[in-house]
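Chemist: Submitted below is the structure of interest, expressed as structure tokens.
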Amino acid sequence: MKIIEIETNKILYESKGEEEFFVSSSFFNALKAGKIKYMAGGKMEDIRFSEIMTLDLKDKKFDSIFRNIVASEIGKLVIKGEMPLDTIL
């Protein structure tokens with residue numbers, strides 16, 4: 001997977017896989033600064049829960065979380081810079 005800056009075509013992040021995702025420089029800077037939030041959740045016994053998490057490049061699940069964000073319409077708009085960076089994804 002590659003994350004590429006829209007404006008310059010510079011590769012900002014690279015891991016296994018052939019997928020390429022284009023992001024605004026402001027999105028990637030916010031990501032590096034720990035300012036991108038997303039909603040996560042799960043089930044513990046009979047109780048379902050959700051929580052707001054920070055997207056982190058060092059997280060071992062980063063690639064799969066990022067792919068899920070890119071798959072959402074709101075995620076696409078935030079990544080392109082068409083919605084505010086403080087939108088919870």
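Chemist: Cross-link candidates for residue 10: which lysines have Cα within less than 27 Å, leaving aside residues fewer than 8 places away along the same chain?
Modeler: Result set, ordered by chain and number: 2, 32, 35, 37, 58, 60, 61, 76, 80.
Chemist: While we're looking at this one, here's another question. Calculate, axis by axis, the spread of Cα positions in the stretch 2-80 along the three principal axes, and write the results as whole Å, longest axis first.
Modeler: Sorted largest first, the three principal extents are 48, 24, 23 Å.
Chemist: OK, next. Test of understanding: ordering 70, 23 by Cβ neighbours within 10 Å, fewest first, what list do you get?
Modeler: 70, 23
Chemist: As a test, work out the antiparallel percent of DSSP beta bridges whose residues both lie in the stretch 2-80, rounded to the nearest 5. Walk me through the numbers on the way to the answer.
Modeler: Numbers: 11 of 15 bridges.
If I count the DSSP bridges inside the stretch 2-80, around 75 percent turn out antiparallel.
Chemist: Another question about this same structure. Starting from the 7 Å offset along Cα-to-Cβ, what nm value, one decimal, do you get for the label separation of residue 67 and residue 14?
Modeler: Placing both labels 7 Å beyond Cα along the Cβ direction yields 2.0 nm.
Chemist: Still on this model: In degrees, nearest 10, range 0 to 90: what is the angle between the Cα axis of helix 62-71 and the longest Cα principal axis of the chain?
Modeler: Its long axis makes an angle of about 80 degrees.
Chemist: Another question, if that's okay. Sorted from fewest to most neighbouring beta carbons within 10 Å, what does the list 79, 6 look like?
Modeler: Sorted ascending by nearby Cβ count, the order is 6, 79.
Chemist: Which GluC sites (Glu not before Pro) in the chain sit in a loop by DSSP (not H, G, I, E or B) and have at most 13 other Cβ atoms within 10 Å of their own Cβ?
Modeler: Hits after loop and neighbour filter: 7, 18, 19, 45, 82.
Chemist: Mind listing which trypsin sites (Lys or Arg not before Pro) in the chain are in a DSSP loop and have 14 or fewer other Cβ atoms within 10 Å?
Modeler: When the trypsin sites (Lys or Arg not before Pro) of the chain are filtered for loop state and at most 14 Cβ neighbours within 10 Å, 10, 16, 35, 58, 60, 61 remain.
Chemist: Charges at C-beta only: +1 for Lys and Arg, -1 for Asp and Glu. How large is the resulting dipole of the stretch 2-80 about its Cα centre, in Debye rounded to 20?
Modeler: 160
Quick note: the coordinates plus some simple rules give every number you see, no bench work behind them. The shown structure was predicted, so the numbers you read here are calculated from the model rather than taken from an experiment. Ideal geometry is used to build each Cβ from the backbone, glycine not excepted, and the neighbour counts take in all protein chains shown.
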